[in-house]
1. State all residues of the stretch 96-136 that are surrounded by fewer than 22 Cβ atoms within 10 Å (Cβ to Cβ), β-branched (Val, Ile, Thr) and over 25 Å from Tyr211 (Cα atoms); if no residue qualifies, say none.
2. Have a look at Ala136, Ala187, Ala112, Ala128 and point out the one that is hydrophobic (A, V, I, L, M, F, W, C) and not in a helix (DSSP H, G or I).
3. With more than 19 Å from Arg190 (Cβ to Cβ), part of a helix (DSSP H, G or I) and more than 13 Å from the chain's Cα centre (by Cα) as the only criterion, which of Pro121, Pro156 stands out?
4. Any residue in the stretch 149-159 that is under 13 Å from Leu61 (Cα atoms) and in contact with a Pro (Cβ under 9 Å, 6 or more places away or on another chain)?
5. Quick one: which residue in Phe183, Phe175, Phe188 is among the aromatic types (Phe, Trp, Tyr), over 23 Å from Asp152 (Cβ atoms) and modelled with pLDDT of 85 or more?
6. Do you know which residues across the stretch 41-73 are part of a loop (DSSP other than H, G, I, E, B) and on the phi < 0 side of the Ramachandran plot?
7. Mind listing just one residue for me: the one in the stretch 67-109 that is of a type in the set (S, T, N, Q) and under 25 Å from Pro49 (Cα atoms) and, of those, nearest to the chain's Cα centre (by Cα)?
8. Restricting attention to the stretch 77-95, and to residues there that are without any contact (Cβ under 8 Å) to a residue 40 or more places away in the chain and assigned to a helix (DSSP H, G or I), which single residue is surrounded by the most Cβ atoms within 10 Å (Cβ to Cβ)?
Amino acid sequence: MHQRLSPARRAALRFGSAVRFFRKGILDFDTTANVIPSSRFLVKAMLDPLEHGAARCVVELGTGTGTMTREILRRLGPGAHVHAVEIDASLLRATVRSTHDPRLRAHHGSAAHTKDLIDAPCVGKVDAVVSSLGLAAMDRELRWRIQQSIQDVLAPGGLYTQYAYPHARAITVSFARREIYQFDAGAFLRRTWSEVYEEFVPANIPPAFVYTCRRGLAR
């Protein structure tokens, strides 16, 4: 049962989540890949490929402060639901409490285990996967495992949206692995998915590319 919170309490929770997200970004940049939540322009570009009100089951990977989560729920019908997968338990709890929506189903764990985390009847029937994960900072094997997990849960014709930062094409730093390298998210996704559409979103910190992909793994 969802406890109803006052607007002031919800705002306080969201502010606390933003502070925690910033702190986690500083301490564990390989996981968050950012320190500032997505702008409304980036959220719009990520979600516009989803037909408004048509999706019944959406998976969100990396809920963070819940900025994307709340907009996904706003666009869904009353009978739909969102599986929110987040590796940071505190951020996930705050998102659930501040969102207060019975259509939100929270799952604490890695996106690589999405197939095992979400409700079994939804596997292979998910209309869309919306990902805020930082692909650039991940090790190669984890990237592939996450892509396979997304493939496993998507319905035929399902959509996968992912954003990435263009500066990673020039330089990417993994502090955990002590590596400096280049990562082109567009090139990676085109090797993984049969259809990939790209949109540039300058009104974000930092600016970002949004990729809309359809099923078709070709490793």
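The values are calculated or read from the model by the stated rules, or taken from the named source; none is laboratory data. Here the structure is a predicted model, which means the values were calculated and not measured. FYI the Cβ positions are ideal-geometry reconstructions off the backbone, even for glycines, and counts take in every protein chain you see.
1. Val96
2. Sole residue among the options that is hydrophobic (A, V, I, L, M, F, W, C) and not in a helix (DSSP H, G or I): Ala128.
3. Values: Pro156 fails: part of a helix (DSSP H, G or I).
After ruling out the rest, the residue left standing is Pro121.
4. Checking the stretch 149-159: not a single residue is under 13 Å from Leu61 (Cα atoms) and in contact with a Pro (Cβ under 9 Å, 6 or more places away or on another chain).
5. Details: Phe175 fails: modelled with pLDDT of 85 or more; Phe188 fails: over 23 Å from Asp152 (Cβ atoms).
On inspection, the qualifying residue turns out to be Phe183.
6. Here is the first cut: in the stretch 41-73, the residues part of a loop (DSSP other than H, G, I, E, B) are 48-56, 62-66.
Answer for the stretch 41-73, where residues must be part of a loop (DSSP other than H, G, I, E, B) and on the phi < 0 side of the Ramachandran plot: Asp48, Pro49, Leu50, Glu51, His52, Ala54, Ala55, Arg56, Thr63, Thr65.
7. Out of the qualifying residues, it is Thr69.
8. Here the answer is Leu92.
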